[in-house]
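Participant: I have a structure I would like to understand better, so I am pasting it below and will then ask my questions one at a time.
Every read-out reported here was derived from the displayed coordinates using simple, explicitly stated rules and does not represent laboratory data. Note that the structure is a prediction, hence the values are computed from the model and not measured. Heads up, the Cβs are rebuilt from the backbone with ideal geometry, glycines too, and the neighbour counts pull from every protein chain shown.
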Amino acid sequence: MRELNVKSMQQKISDLENPKKSKSKDGIWLKIENDIKYQLRILIPEDGDPWREFHVHYNVGKNFGFLCPKANFDEPCAVCDFAWSLWNDRKDHPENEKIAKQLLPTKRFITPVMVLQEDGSWEGPKVWNYGNNIYQYFMRKYTDPDWTDFWRYDSGRNIKVLCYKEGDKYYPTTDVDLAPKESKLGTSKQIEAWEKEIPNLDELFNRKTSAEVKLILEEYLAGEDGAADEDKYGSNKSTSSASSRQESQESELSRVEQSIRELIGD
Ligand SMILES: [Zn+2]
């Protein structure tokens, strides 16, 4: 016989009592707009590790992004297997290299942060999602004795973040810098309250089982949006007639099919 989950009931009641404080999963992410200077401070989660690493698959069909079962949990991942099969095939089919790179998981890092407001108050916690370069920056600072204490609440530094578009690059560039001046984040009472509101970092990304990932790949390969298939699998761009395009599409598809058969051991 089941019992109610007391902890989740308490959360529901507290959300009802403090509607402003209850945050949807989406609202927890730090959204960084281009050309606006942000100042952040790190909050330390319960396990003492504010730089959490995840491997995420993006660009697989309409899925926004999900955790790679293999890289995160050492469980089978059909998307990785397929991406590697394309990668290994890139000598014969150079067009596969780009697709393989798109499909392979991307290393992402998340850090709970407080965000400095114009009036000098701090808003948060929010969760900042960033890539490997910024992570490397933090590690360099942490291992540099002049900067190693930058994460401290009482004598740390504000993290300055600026995103901007550079030329015709698709993704914006992000500059990260530490304030030269040390400062105090808040009173210990404030910080304790903020720390308590840090969400469970392991539950923020979409987790899929190996079976679900296999389905996602099958859907992606079936290409619901037919016209995009040619681009996905890199058809021969020099062919312009409908029939040759059809041919190349078919050969691409049969190759994809073959890869699937290999995957499922058919
Ligand atoms: Zn994977």
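Participant: Over all distinct alpha-carbon pairs, what is the Kirkwood Rh of the stretch 106-168 in angstrom?
Facilitator: Over the stretch 106-168, the inverse of the mean reciprocal pair distance is 13.5 Å.
Participant: Loop only per DSSP, at most 16 neighbouring Cβ atoms within 10 Å: give me the chymotrypsin sites (Phe, Trp or Tyr not before Pro) in the stretch 51-90, ordered by residue number.
Facilitator: Within the stretch 51-90, the qualifying chymotrypsin sites (Phe, Trp or Tyr not before Pro) (loop, at most 16 other Cβ atoms within 10 Å) are W51, Y58, F64.
Participant: Continuing with the same structure: Given a Förster radius of 25 Å and the C-beta distance between E97 and Y58 as r, what FRET efficiency does 1/(1 + (r/R0)^6) yield to the nearest 0.05?
Facilitator: After rounding, the FRET efficiency stands at 0.90.
Participant: By count of other Cβ within 10 Å, fewest leading, how are H55, H93 ordered?
Facilitator: Arranged by neighbour count, lowest to highest, H55, H93 become H93, H55.
Participant: Sort D175, D119, D47 so the one with the fewest other Cβ atoms within 10 Å of its own Cβ comes first.
Facilitator: Result, fewest neighbours first: D119, D47, D175.
Participant: Are there trypsin sites (Lys or Arg not before Pro) in the stretch 77-106 that DSSP puts in a loop and that have at most 12 other Cβ atoms within 10 Å, and which ones?
Facilitator: Listed in order of number, the matching sites are K91.
Participant: First obtain the Kirkwood hydrodynamic radius of the stretch 12-144 from its Cα pairs, then insert it into the Stokes-Einstein equation at 10 °C and 1.306 mPa s, and state the resulting D in µm² per second as a whole number.
Facilitator: Using the Kirkwood radius from Cα pairs, D works out to 90 µm²/s.
Participant: Something else about it: Among I216, I159, which comes first, then next, by fewest other beta-carbon atoms within 10 Å?
Facilitator: Least crowded to most crowded, the residues run I216, I159.
Participant: Work out, step by step, the length gained on full extension between N5 and Q190: first 0.36 nm times the residue separation, then minus their alpha carbon distance; give nm to one decimal.
Facilitator: 63.8 nm
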